[in-house]
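Trainee: Next up is a structure, given as structure tokens.
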Amino acid sequence: MARKRTDAEQQVADLLHTARKSLHMPVAFLTRMDGTTQHLEVVDTRVPVLVQEGAKVAQETSFCQKILDGELPAVISDVKAHPLAMSLPSARIPRIRSYVSTPVTLSDGSLYGTFCAFGFTSDKELNERDEALMKVLASAASVIIEPQLRAQQRRDAIDGRLDPLVASGGPTVVLQPIVDLATGDRVGAEALSRFPADWGKGPDVVFEEAHSIGRGHEVELLALRRAAEHLATVEGYVAMNVSPQTLLTPEFSALLHTLPLPRVLLELSEHDPVEDYDALSSALLPFRAAGMRLAIDDVGAGFSSLRHIVVTDPDVIKMDRSIVSGLHTDPVLSKLVESLVTFGHGCGVTVVAEGIETAEEAAALRGLGVDLGQGWFLGRPGPPESLLPVPPAVLRTVRAPDPGLLPA
């Protein structure tokens, strides 16, 4: 049974059919040239036994390559008039006697392949007008081909990065301390994934790319397993990030069954869409009943957090750094933080501030009643052994905020 064509391939086949009918030739085809091999990707023919999709020809022996090299004309009305053409294998099988070919180029000018038609008899009426028609049809084919090609190239590039990462066990996972702003004590740490620096991509981008090609669960689960390994080496809880999609997988459920759940804080970003809150709540129910806590991350960075918070009934809300940075000089941010603290505490929820980078921010947050904090001021992400006690100078700042630092 013949392979079912994609929509793009069928559109190209329609263009080839137009070419074949217009030129009164029995065969028209699109090729992809990879440097050594000519691949017949789409074929429209009256003689499928002789010419089939998926066939491969050595480029150096093909009519198309000789035309691209300028050794043969783009329009050959009589192959027998060209000794070079007659020396090629296709002059014998399938005994080509007339030929028209034009290159298929992509938007960046690179060569994809060729758009061709041929006959088994010579055709003295073939001329430049036929070549012009083929060029127009080839241009239309390139527009159809390119999106699918670029998507495949993107997938191949992502796979090429992920394959060795997965083989090595997943991303490196570091810990960033989470500190009680009232006492300065470290109560937990957030597990953060780190990917090779030469990728030039942040964790959010890497996970998004992995999900876009169907490998997001695989990469997330590896990161979660590495995060879970830290539970055996550090005190306090470990906060782990997971997407709603991965949370619903059997593999994630199996992982949670192996963990000391009272020491796990599961973080869902407010950016992550939740398609089925009932399914999410049902999946979390037995684990939360066993002591695992739930946090909504990045609160304040978007518009979905209120629904996330109301529907999931979290134990913790984590304020995004965008509403933490500079709040000690910004009355609007200060009021927003104050409102979130009032709301959170009214619901019995612990409030955490992320992205604390200065003593002034730490003092202002403490004065507004924020429970916990994390950020470079309190400790940078690093290996477990870097989770040292908070320096005394930082403790004094956190414990004794200056009321004058709080905006009116």
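Trainee: Do any residues in region 140-168 that are within 18 Å of Gly202 (Cα to Cα) and open to solvent by less than 60 Å² (accessible area, probe 1.4 Å) have Cβ atoms under 7 Å from those of residues that are in a helix (DSSP H, G or I) and polar (S, T, N, Q), where the two are at least six apart or on different chains, and which pairs are they?
Mentor: The qualifying pairs do not exist here.
Trainee: If you don't mind, there's one more thing I want to ask. When both residues are 6+ apart or on different chains and their Cβ atoms are under 6 Å apart, which pairs have a first residue that lies in region 231-254 and is open to solvent by 20 Å² or more (accessible area, probe 1.4 Å), and a second that is of a type in the set (D, E, K, R) and not in a helix (DSSP H, G or I)?
Mentor: Asn241/Glu267
Trainee: Looking at (1) open to solvent by 20 Å² or more (accessible area, probe 1.4 Å); (2) on the phi < 0 side of the Ramachandran plot; (3) out of contact with any His (no Cβ under 9 Å at 6 or more places or on another chain), which is the one condition that is false for Glu125?
Mentor: (3)
Trainee: Here's a follow-up. Is there a residue being within 15 Å of Glu190 (Cα to Cα), of a type outside the set (S, T, N, Q) and either within 26 Å of the chain's Cα centre (by Cα) or modelled with pLDDT of 90 or more (or both) anywhere in region 269-282? Outline the logic, then answer.
Mentor: In the first step, residues of region 269-282 are kept if they are within 15 Å of Glu190 (Cα to Cα); the result is 269.
This time we only want the ones that are of a type outside the set (S, T, N, Q), so: none.
No; the residues of region 269-282 include none that is within 15 Å of Glu190 (Cα to Cα), of a type outside the set (S, T, N, Q) and either within 26 Å of the chain's Cα centre (by Cα) or modelled with pLDDT of 90 or more (or both).
Trainee: State whether the residues of region 183-194 include one that is open to solvent by 30 Å² or more (accessible area, probe 1.4 Å), closer than 22 Å to Glu385 by Cβ and under 21 Å from the mean Cα position of the chain (by Cα).
Mentor: Filtering region 183-194 down to residues open to solvent by 30 Å² or more (accessible area, probe 1.4 Å) leaves 183, 185-187, 192, 194.
Filter once more, keeping what is closer than 22 Å to Glu385 by Cβ: 185-187, 192, 194.
Narrowing the set further to residues that are under 21 Å from the mean Cα position of the chain (by Cα) leaves 192, 194.
Yes, some residue in region 183-194 is open to solvent by 30 Å² or more (accessible area, probe 1.4 Å), closer than 22 Å to Glu385 by Cβ and under 21 Å from the mean Cα position of the chain (by Cα).
Trainee: Further, regarding this structure: Restricting attention to region 176-215, report how many residues are of a type in the set (A, V, I, L, M) and more than 22 Å from Pro244 (Cα to Cα).
Mentor: Looking only at region 176-215, we keep the residues that are of a type in the set (A, V, I, L, M), and these are 178-179, 181-182, 187, 189, 191-192, 197, 205-206, 210, 213.
Keeping just the survivors that are more than 22 Å from Pro244 (Cα to Cα) gives 178-179, 181-182, 187, 197.
Summing the residues that are of a type in the set (A, V, I, L, M) and more than 22 Å from Pro244 (Cα to Cα) in region 176-215 gives 6.
Trainee: Additional query: With Val75, Val57, Val104 as the choices, which residue is among the β-branched types (Val, Ile, Thr) and in contact (Cβ under 8 Å) with a residue 60 or more places away in the chain? Show your work before the answer.
Mentor: Details: Val75 fails: in contact (Cβ under 8 Å) with a residue 60 or more places away in the chain; Val57 fails: in contact (Cβ under 8 Å) with a residue 60 or more places away in the chain.
The unique qualifying residue is Val104.
Trainee: Given the conditions (1) more than 37 Å from the chain's Cα centre (by Cα); (2) under 16 Å from Tyr112 (Cβ atoms), report the number of the one that Arg46 does not fulfil.
Mentor: If we test Arg46 against (1) more than 37 Å from the chain's Cα centre (by Cα); (2) under 16 Å from Tyr112 (Cβ atoms), just (2) comes out false.
Trainee: Now for a different question. Against the definition (out of contact with any helix residue (DSSP H, G or I) (no Cβ under 7 Å at 6 or more places or on another chain), buried (at least 18 other Cβ atoms within 10 Å of the Cβ) and not acidic (Asp, Glu)), how does Ala227 come out, yes or no? Please lay out each step first, then the result.
Mentor: Numbers: out of contact with any helix residue (DSSP H, G or I) (no Cβ under 7 Å at 6 or more places or on another chain): yes; buried (at least 18 other Cβ atoms within 10 Å of the Cβ): yes; not acidic (Asp, Glu): yes.
Yes: the conditions hold for Ala227.
Trainee: If you don't mind, there's one more thing I want to ask. Yes or no: region 277-299 includes at least one residue that is under 20 Å from Asp204 (Cα atoms) and open to solvent by 60 Å² or more (accessible area, probe 1.4 Å).
Mentor: No.
Trainee: Could you list, ordered by first residue, the pairs with Cβ atoms under 8 Å in which the first is in region 339-366 and hydroxyl-bearing (Ser, Thr, Tyr) and the second is open to solvent by 10 Å² or more (accessible area, probe 1.4 Å) and not in a loop (DSSP other than H, G, I, E, B), at least 6 apart or interchain?
Mentor: Going by the 8 Å Cβ cut-off, the qualifying pairs are Thr350/Leu372; Thr358/His328.
Trainee: If you don't mind, another one. Can you say whether Leu16 is closer than 14 Å to Thr114 by Cβ, touching an Asp or Glu at 6+ places or on another chain (Cβ under 6 Å), in contact (Cβ under 8 Å) with a residue 60 or more places away in the chain and part of a strand (DSSP E or B), as far as the supplied structure shows? Lay out the reasoning, then the answer.
Mentor: Details: closer than 14 Å to Thr114 by Cβ: yes; touching an Asp or Glu at 6+ places or on another chain (Cβ under 6 Å): yes; in contact (Cβ under 8 Å) with a residue 60 or more places away in the chain: yes; part of a strand (DSSP E or B): no.
So Leu16 fails the test.
Trainee: Does Val390 count as at pLDDT below 85, touching a Lys or Arg at 6+ places or on another chain (Cβ under 7 Å), open to solvent by less than 40 Å² (accessible area, probe 1.4 Å) and in a loop (DSSP other than H, G, I, E, B)? First the steps, then the outcome.
Mentor: On the way: at pLDDT below 85: yes; touching a Lys or Arg at 6+ places or on another chain (Cβ under 7 Å): yes; open to solvent by less than 40 Å² (accessible area, probe 1.4 Å): yes; in a loop (DSSP other than H, G, I, E, B): yes.
Taking the combined requirement at face value, the residue satisfies it.
Trainee: For region 200-277, list the helices (runs of 4 or more DSSP H) that sit wholly inside it and hold at least 3 residues that are in contact with a Pro (Cβ under 9 Å, 6 or more places away or on another chain); which are they? So that I can check it myself, show each step before the final result.
Mentor: Numbers: elements: 203-212, 216-229, 244-247, 250-256.
It comes to 216-229.
Trainee: Under the condition of being under 46 Å from the mean Cα position of the chain (by Cα) and among the small types (Gly, Ala, Ser), which residue from region 49-96 is least open to solvent (accessible area, probe 1.4 Å)?
Mentor: Among them, the one singled out is Ser62.
Trainee: Scan region 290-304 and give yes if some residue there is part of a strand (DSSP E or B) and either more than 26 Å from Pro177 (Cβ to Cβ) or more than 28 Å from the chain's Cα centre (by Cα) (or both), otherwise no. Step through it out loud before you land on a result.
Mentor: Applying the first criterion (part of a strand (DSSP E or B)) to region 290-304 yields 293-299.
Filter again for either more than 26 Å from Pro177 (Cβ to Cβ) or more than 28 Å from the chain's Cα centre (by Cα) (or both), leaving 293.
Within region 290-304 (the criterion being part of a strand (DSSP E or B) and either more than 26 Å from Pro177 (Cβ to Cβ) or more than 28 Å from the chain's Cα centre (by Cα) (or both)), the answer is yes, since at least one residue qualifies.
Trainee: Just for region 211-220: of the residues that are in contact (Cβ under 8 Å) with a residue 40 or more places away in the chain and open to solvent by 10 Å² or more (accessible area, probe 1.4 Å), which one is nearest to Ala254 (Cα to Cα)?
Mentor: For region 211-220, the residue satisfying everything is Glu218.
Trainee: Are any residues in region 41-65 farther than 13 Å from Val104 by Cβ, of a type in the set (A, V, I, L, M, F, W, C) and touching a Ser or Thr at 6+ places or on another chain (Cβ under 8 Å), and if so, which ones?
Mentor: Filtering region 41-65 for residues farther than 13 Å from Val104 by Cβ gives 43-63, 65.
Then drop every residue that is not of a type in the set (A, V, I, L, M, F, W, C), which leaves 43, 47, 49-51, 55, 57-58, 63.
Passing the criteria: Val51, Val57, Ala58, Phe63.
Trainee: Mind telling me which of the residues Val316, Val341 ends up being modelled with pLDDT of 95 or more, closer than 19 Å to Asp180 by Cβ, buried (at least 22 other Cβ atoms within 10 Å of the Cβ) and more than 27 Å from the chain's Cα centre (by Cα)?
Mentor: Details: Val341 fails: buried (at least 22 other Cβ atoms within 10 Å of the Cβ).
Just one listed residue meets the conditions, Val316.
The values are calculated or read from the model by the stated rules, or taken from the named source; none is laboratory data. In this text the structure is predicted, and so the values were computed from the model without any measurement. FYI the Cβ positions are ideal-geometry reconstructions off the backbone, even for glycines, and counts take in every protein chain you see. With ligands, DNA and RNA removed, areas are computed over all heavy atoms of the protein, side chains included. Shrake-Rupley method; radii C 1.70, N 1.55, O 1.52, S 1.80 Å.
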